[in-house]
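The structure appears right after this line, and notes come after that.
The values are calculated or read from the model by the stated rules, or taken from the named source; none is laboratory data. Nothing here was measured: the structure is a model prediction, and the numbers come from that model. Note that each Cβ is placed from the backbone with ideal geometry, even for glycine, and that neighbours are counted across all protein chains shown. All accessible areas refer to the heavy atoms of the entire protein, side chains included, with ligands and DNA or RNA removed. Shrake-Rupley method; radii C 1.70, N 1.55, O 1.52, S 1.80 Å.
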Amino acid sequence: NMWNHPITVDNLKRLRDIAGYHVVAPGVGYLACRWVGAGRLAEPADIVGAAACLRTPQDLAGKRVVVSSGPTHEALDPARYLANRSSGKMGIAMAHAAHRRGAAVTLVLGPTGQPVPAGITVVAVESALQMAQAVEQAAASADVVVMAAAVADFRAATIAPQKLKRSSLGATPTLALRANPDILAGLGAARQKAKAQRPLLVGFAAETENVLAYARDKLVRKQIDVIVANDVSQADAGFAVDTNRVIVIDADHAVHVPFGTKAEVAHRVWDALLPRLNHAPVGKKANGAGAKPAKNARRKGKR
């Protein structure tokens, strides 16, 4: 009630519009006055994040970014599902970095326990079919789509309505699968059919061998602009860890992003993607001059 009081609303508007202050919205929950609503002190991490945005160049301001992240869970029965090792950390880092740089970000997030920073619109999904629907809907108004999610390639042909009993399956049960839609390839085909240049389509390729070759094959086959490849067989750059190293690849260039935290790597990936948003290839500045390696592309100020 205090936060929504007309005098408070008017004073905050004056602070924003006249004095140029930036306001971190309060948390929502149970309040001292025994009401439930907006009025709690914002979480310290959200306050720090808002301050960090003010210290970060807003080179994605005005851009609408869609990021998919996390695994998908493909149900076998009410108790079991098929999944993969993705934690969602890299995709969330990509979404967070884009938000800090001024973009309006929609994060389509599979089942994961990772926290999501404030200011990002989250669409929670579980299965590949749900993720496909959410991404396609969000992509319709996006400038760039980053498919960082580890989407299951297959789902059960039939989902059992009741929990499957081990005793009824036999010693060597057989599981019938059917293919899930390739979300990124679908976006590439739709854009090709429409003869459009947007959204910029960015894929992720988690490989365990022949990383460059397999990534380039996916780039062509899915009809996308850029693919970010990494070797997930490495203990410090695979699933569920806080560090990574990747290669940002387009049709003509490959930018090696050195080892760092996933937050640092995410910013360096956006550094490499930024020229493409300004209609220049990866590895080139928007004015056509050769870009510096990604490790030298960080802006002033500690992230």
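Could you count how many residues in segment 146-169 are touching a residue at least 60 places away in the same chain (Cβ under 8 Å) and either in contact with a strand residue (DSSP E or B) (Cβ under 8 Å, 6 or more places away or on another chain) or in a strand (DSSP E or B) (or both)? If you could, list the steps in order and put the result at the bottom.
Pass one, segment 146-169, residues touching a residue at least 60 places away in the same chain (Cβ under 8 Å): 146-152, 154-156, 159-164.
Right, trim to either in contact with a strand residue (DSSP E or B) (Cβ under 8 Å, 6 or more places away or on another chain) or in a strand (DSSP E or B) (or both) and you get 146-152, 154-156, 159.
Number of matching residues: 11.
Rundown of residues vs (1) acidic (Asp, Glu); (2) within 19 Å of ALA149 (Cβ to Cβ); (3) open to solvent by less than 20 Å² (accessible area, probe 1.4 Å); (4) assigned to a loop (DSSP other than H, G, I, E, B), yes/no style:
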| site | (1), (2), (3), (4) |
| --- | --- |
| ALA215 | no, yes, yes, no |
| GLN223 | no, yes, no, yes |
| ASP236 | yes, no, no, yes |
| PHE239 | no, yes, no, yes |
| ASN244 | no, yes, yes, no |
| ALA251 | no, no, no, yes |
| HIS256 | no, no, no, no |
| GLY260 | no, no, yes, no |
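PRO111 passes every criterion in (1) part of a helix (DSSP H, G or I); (2) within 29 Å of ASP242 (Cβ to Cβ); (3) not basic (Lys, Arg) apart from (1). Screening GLY62 on (1) open to solvent by less than 50 Å² (accessible area, probe 1.4 Å); (2) not in a strand (DSSP E or B) shows it passes everything except condition (1). Using the structure shown, decide if ALA95 is closer than 20 Å to LEU60 by Cβ and either more than 12 Å from the chain's Cα centre (by Cα) or surrounded by fewer than 24 Cβ atoms within 10 Å (Cβ to Cβ) (or both). Criteria not met by ALA95.
The number of residues in segment 98-115 being within 12 Å of LEU60 (Cβ to Cβ), open to solvent by 40 Å² or more (accessible area, probe 1.4 Å) and not hydrophobic (A, V, I, L, M, F, W, C) comes to 1. Pairs meeting the criteria (first residue in segment 170-181 and of a type in the set (Lys, Arg), second residue open to solvent by 90 Å² or more (accessible area, probe 1.4 Å), beta carbons under 8 Å, at least 6 apart or on different chains) are ARG178/PHE154.
Would you be able to tell me the number of residues in segment 1-43 that are loosely packed, with under 11 Cβ neighbours inside 10 Å and in contact with a Leu (Cβ under 6 Å, 6 or more places away or on another chain)? Number satisfying all stated conditions: 1.
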